[in-house]
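K.L.:
Next up is a structure, given as structure tokens.
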Amino acid sequence: MSPKAFQPAPVIVEQLIRCRAAQSVQELRQSVARIKNELPDSADSPNGTDDYLLSELTQISEALTLERGLYYVERLIRSMSEVRTSAINDINLNRWKEYDDILTDSLWVVDRRDSSGVHTAGYWGNFVPQIPRQMMTRYTRKGDWVLDPFAGSGTTLIEGQRLGRNTIGIELQPRMVEYANGLIASETNSHHVTADVVIGDSATADLRSILQDHGTETVQLVITHPPYLDIIRFSDDPRDLSNAASVEAFLEMMGRVVENVAPVLDSGRYLALVIGDKYAKGDWIPLGFQTMNEVVKRGFSLKSIVVKNFEDTTGKRNQKELWRYRALVGGFYIFKHEYIFIFRKDQASNQRYVQSDESERCGTALK
């Protein structure tokens with residue numbers, strides 16, 4: 001879990017500073033033992049004793065050399081007296097051990113979607129709230145702006161409101177805009193941030209004007225969860241990516257969305273793409289990696305590929321045995337994962353894409 005509200009008394013920091021004078025491991029251990037004895041008990045303090053502080057003091061006591069023990073002392077002093085964050089999030093790197101709710105591995109095993117508050121699985125095709133929560137925690141600070149070009153039922157915006165991030169969603173279907181905004185309004189907005197879903201086509205919408213209407217010029221994170229081509233048909237609208245006539249058409253449409261959102265994303269900030277693969281006529285279509293390439297072609301740097309398990313899906317939840325039989329008969333493996341591609345927009349991203357686009361046009365003209 002993230003660091004608790006408990007803040008050690010300044011006297012503890014002073015005692016740690018005095019530990020610097022220890023001349024031996026034994027003397028250092030005695031000093032640490034005195035500090036532990038003076039810590040408040042859970043029954044006597046409204047916040048109890050900081051688990052992090054206890055574990056760090058224990059590590060100092062167990063150090064085998066004075067040099068290593070004093071190194072741990074200095075690190076603990078910094079963690080209790082200084083806050084060190086990066087430019088893209090609020091994570092206190094001096095107390096990084098406490099953030100055990102933040103995933104850093106490339107394999108995410110999520111047993112079940114978060115159904116707390118107004119979150120609902122009623123909209124077939126929406127993604128688990130844990131994904132935008134992780135993305136916003138890692139790649140934004142409180143008060144930052146997040147854009148979701150495929151807002152759907154508003155999962156990203158609900159999580160953003162909970163985390164204190166301003167969020168704008170673009171959604172093609174008017175009925176879903178009304179539905180999502182209704183859900184968002186039902187969720188407590190304790191941080192008093194903006195959370196609004198707007199009707200539009202993310203490939204052509206005037207995103208700059210939409211953002212300006214909400215009080216900002218740019219965003220600090222883009223989270224995209226497009227349709228996985230025609231696996232689920234979301235509407236009859238020809239602009240809907242789920243109605244693309246082919247894989248090639250889908251990739252071209254998705255590319256236009258990336259081109260439209262790139263200018264409003266600050267340089268050095270991140271775009272997350274959540275997508276899975278599909279089957280067509282018995283063949284596995286690597287839609288995830290093909291879409292990943294469309295983003296890279298537009299000047300973004302690929303920073304990470306996360307694989308999330310796809311265990312508890314609506315379609316397969318009650319048909320596990322049937323799908324196992326189909327897999328054995330058909331010689332394939334059952335989809336239980338999707339990808340989360342993490343990209344960074346470099347300062348030269350737009351320029352590289354423009355140059356590449358001009359080169360393609362010139363090459364076409366010469367043929």
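K.L.:
Do any residues in region 207-224 that are more than 20 Å from Met136 (Cα to Cα) have Cβ atoms under 9 Å from those of residues that are assigned to a helix (DSSP H, G or I) and at pLDDT below 95, where the two are at least six apart or on different chains, and which pairs are they?
P.N.:
Sorted first by the residue in region 207-224, then by its partner, the list stays empty.
K.L.:
Output yes when any residue across region 23-34 is within 22 Å of Glu98 (Cα to Cα), at pLDDT 85 or above, of a type outside the set (Asp, Glu) and out of contact with any Leu (no Cβ under 6 Å at 6 or more places or on another chain), and no when none is. Walk me through it before giving the result.
P.N.:
Kept after step one, since they are within 22 Å of Glu98 (Cα to Cα), are these residues of region 23-34: 32.
Checking the rest, the ones that are also at pLDDT 85 or above come to 32.
Checking the rest, the ones that are also of a type outside the set (Asp, Glu) come to 32.
Retained after the next criterion (residues that are out of contact with any Leu (no Cβ under 6 Å at 6 or more places or on another chain)): none.
The answer is no; no qualifying residue exists.
K.L.:
I've got another one for you. If Ser79 satisfies all but one of (1) surrounded by fewer than 20 Cβ atoms within 10 Å (Cβ to Cβ); (2) farther than 26 Å from Glu338 by Cα; (3) free of Cβ contacts under 8 Å to residues at least 40 places away in the same chain, what's the number of the condition it fails?
P.N.:
With (1) surrounded by fewer than 20 Cβ atoms within 10 Å (Cβ to Cβ); (2) farther than 26 Å from Glu338 by Cα; (3) free of Cβ contacts under 8 Å to residues at least 40 places away in the same chain applied to Ser79, the lone miss is (1).
K.L.:
When only residues in region 331-352 that are at pLDDT below 85 and touching a Phe, Trp or Tyr at 6+ places or on another chain (Cβ under 9 Å) count, which is farthest from Arg113 (Cα to Cα)?
P.N.:
From region 331-352, those at pLDDT below 85 are 334-336, 347-352; that's our starting set.
Still in the running and touching a Phe, Trp or Tyr at 6+ places or on another chain (Cβ under 9 Å): 334-336, 349.
Numbers: Ile334: 20, Phe335: 17, Lys336: 14, Ser349: 34 Å.
Going through the qualifying residues, I end up with Ser349.
K.L.:
List every residue pair whose Cβ atoms lie under 6 Å apart, where the two residues are 6 or more positions apart in sequence or sit on different chains, the first residue falls within region 99-112 and is over 22 Å from Asp51 (Cα atoms), and the second residue, located anywhere, is part of a loop (DSSP other than H, G, I, E, B).
P.N.:
Qualifying pairs under 6 Å: Val110/Val128; Arg112/Asp312.
K.L.:
Taking Arg162, is it assigned to a helix (DSSP H, G or I) and basic (Lys, Arg)?
P.N.:
yes
K.L.:
Next question. Among the residues of region 281-300 satisfying the criterion of being part of a strand (DSSP E or B) and surrounded by 14 or more Cβ atoms within 10 Å (Cβ to Cβ), which is modelled with the lowest pLDDT? Full working, then the answer.
P.N.:
Step one: filter region 281-300 for residues part of a strand (DSSP E or B), giving 283-285, 300.
Then drop every residue that is not surrounded by 14 or more Cβ atoms within 10 Å (Cβ to Cβ), which leaves 285, 300.
Working: Ile285: 92, Phe300: 97.
That would be Ile285.
K.L.:
In this structure, is Gln134 buried (at least 24 other Cβ atoms within 10 Å of the Cβ) and in a helix (DSSP H, G or I)?
P.N.:
Details: buried (at least 24 other Cβ atoms within 10 Å of the Cβ): no; in a helix (DSSP H, G or I): yes.
Spelling it out, it is not the case that Gln134 is buried (at least 24 other Cβ atoms within 10 Å of the Cβ) and in a helix (DSSP H, G or I).
K.L.:
Additional query: Give me the pairs, please: first residue somewhere in region 255-267 and in the same structural domain as His214 (by TED's automatic domain parsing) and farther than 17 Å from Glu171 by Cα, second residue anywhere and acidic (Asp, Glu) and surrounded by fewer than 17 Cβ atoms within 10 Å (Cβ to Cβ), beta-carbon distance under 7 Å, and either six or more positions apart or on two chains.
P.N.:
Filtered contacts from region 255-267: Ser267/Asp346.
K.L.:
Let me ask you something else. Select from region 228-265 the residues that are hydrophobic (A, V, I, L, M, F, W, C), more than 25 Å from the chain's Cα centre (by Cα) and part of a helix (DSSP H, G or I) and list them in ascending order. Reasoning before the result, please.
P.N.:
Going through region 228-265, the residues hydrophobic (A, V, I, L, M, F, W, C) turn out to be 229, 231-232, 234, 241, 244-245, 247, 249-251, 253-254, 257-258, 261-262, 264-265.
Now narrow it down to the ones that are more than 25 Å from the chain's Cα centre (by Cα): 244-245, 247, 249.
Matches in region 228-265: Val247, Ala249.
K.L.:
What are the residues in region 192-222 that are assigned to a strand (DSSP E or B) and over 23 Å from the mean Cα position of the chain (by Cα), if any?
P.N.:
Taking region 192-222 first, the residues assigned to a strand (DSSP E or B) are 195-199, 219-222.
Within region 192-222, Ile199 is the sole residue that qualifies.
For (1) more than 15 Å from the chain's Cα centre (by Cα); (2) of a type in the set (A, V, I, L, M, F, W, C), each residue gets a yes or a no:
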| site | (1), (2) |
| --- | --- |
| Arg78 | yes, no |
| Thr120 | yes, no |
| Arg138 | no, no |
| Gly143 | yes, no |
| Phe150 | yes, yes |
| Leu157 | no, yes |
| Gly164 | no, no |
| Tyr179 | yes, no |
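K.L.:
Against the definition (within 18 Å of the chain's Cα centre (by Cα), β-branched (Val, Ile, Thr), buried (at least 16 other Cβ atoms within 10 Å of the Cβ) and under 18 Å from Ala272 (Cα atoms)), how does Thr104 come out, yes or no? Let's see the steps before the verdict.
P.N.:
Values: within 18 Å of the chain's Cα centre (by Cα): yes; β-branched (Val, Ile, Thr): yes; buried (at least 16 other Cβ atoms within 10 Å of the Cβ): no; under 18 Å from Ala272 (Cα atoms): yes.
In short, no.
The values are calculated or read from the model by the stated rules, or taken from the named source; none is laboratory data. Values in this document were obtained by computation on a predicted structure and should not be read as measured data. FYI the Cβ positions are ideal-geometry reconstructions off the backbone, even for glycines, and counts take in every protein chain you see.
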